[in-house]
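Presented below is the structure to which this report refers.
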Amino acid sequence: MKVIEQEIAALKNTINEMWALVHQQIYNAGEAMLTGDKELAYKVLSRERRVNAFELKIDSDCEDIIALYAPVAIDLRFVLAMYKINTNLERLGDFAESIARFSVNLPEGEPIDPELVKIARVEEMLHELLGMISLAQEAFEKESSEIASRIFLKDNIIDEINHDSTPLIAQYIEAHPGSALAGLYMAGVVRKMERFGDHCTNIAEELIFYLDAKVMKHIGKTEEK
């Protein structure tokens with residue numbers, strides 16, 4: 001095996017490790033929010049440093065491979081895609097941290113009103129988002145652009161929930177004025193989840209770029225001309 005192949009294999013393993021950590025971070029942050037488990041929320045906050053450490057290592061590894069081995073064709077596309085995917089994974093880690101901080105700031109012993117969770121469809125949103133991360137990692141491991149393309153369909157569901165949530169949360173606040181702060185927090189969480197979905201679609205685009213050399217970002221613009 002050539003040295004560059006060894007470096008690319010090592011980079012792929014590191015990305016997989018970061019992917020698994022970010023997935024666990026988001027799952028734990030969601031559980032902490034829904035159950036009021038502050039200990040779990042603090043666990044997410046403490047592990048955020050590991051996510052940041054992965055980002056720095058992967059950035060450095062990508063830069064070293066380009067500088068030392070001058071990759072071309074599929075190898076170059078792989079390194080460039082990993083560089084961008086790394087950034088999106090780190091931002092997903094930031095998302096998990098922000099949800100955990102929200103959970104830490106909830107009043108002691110007072111988890112979110114289940115009625116608010118239901119009308120905002122937060123559990124459904126979390127389920128879809130975790131599914132998007134799993135699909136992306138599966139596409140990466142199996143090198144399947146077809147699997148990666150399924151992420152766009154899930155993002156449509158996320159966008160729909162986000163769009164519908166604002167008037168429903170407003171109605172909840174009107175009916176429960178004492179829970180206005182919780183309602184506003186929940187609206188912020190839903191908006192963060194919508195951005196989370198966007199980061200997942202960014203990852204899907206980069207995977208497809210690497211696998212099929214298709215720059216998905218420009219397809220829509222070309223069709224509009």
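The values are calculated or read from the model by the stated rules, or taken from the named source; none is laboratory data. Model, not experiment: these values are computed from the prediction. For neighbour counting, all protein chains shown are included, and Cβ atoms are generated from backbone atoms with ideal geometry for every residue, glycine included. Accessible surface areas use protein heavy atoms only, side chains included; no ligands, DNA or RNA. Shrake-Rupley method; radii C 1.70, N 1.55, O 1.52, S 1.80 Å.
Things worth noting here:
- Cβ-Cβ distance of Ala10 and Lys118, R₀ of 41 Å, FRET efficiency by 1/(1 + (r/R0)^6): the value works out to about 0.35.
- Arg101 accessible area, 1.4 Å probe, all protein chains in place, Å² to nearest 10: 120
- Secondary-structure-derived ellipticity at 222 nm for the chain, considering helices only, amounts to -30500 deg cm²/dmol, per-run term -39500 (n - 2.57) for DSSP H runs with n ≥ 4.
- Of all accessible heavy-atom area on the chain, the percent that carbon and sulfur account for (1.4 Å): 53
- Dipole magnitude of the chain about its Cα centre (Cβ charges: Lys, Arg +1; Asp, Glu -1), debye to nearest 20: 300
- Over the chain, the fraction of Cα-Cα pairs per 5 Å bin, rounded to whole percents and listed from the shortest bin up, is 1, 7, 14, 16, 17, 14, 11, 8, 6, 3, 2, 1, 0, 0.
- Förster radius 41 Å - calculated FRET efficiency between Ser60 and Ala180 (Cβ-Cβ, nearest 0.05): 0.35
- Whole-number accessible area per residue in Å² for the range 76-195, which is evaluated in the context of all protein chains at 1.4 Å: 49
- Spherically averaged projected area of the range 111-219 from its Cα convex hull (nm²): 7.1
- Computed extension gain for Gln24 through Lys192, at 0.36 nm per residue and net of the alpha carbon distance, reaches 58.7 nm.
- Theoretical FRET efficiency, 1/(1+(r/R0)^6), r = Cβ-Cβ of Phe152 and Lys84, R0 22 Å, to 0.05: 0.85
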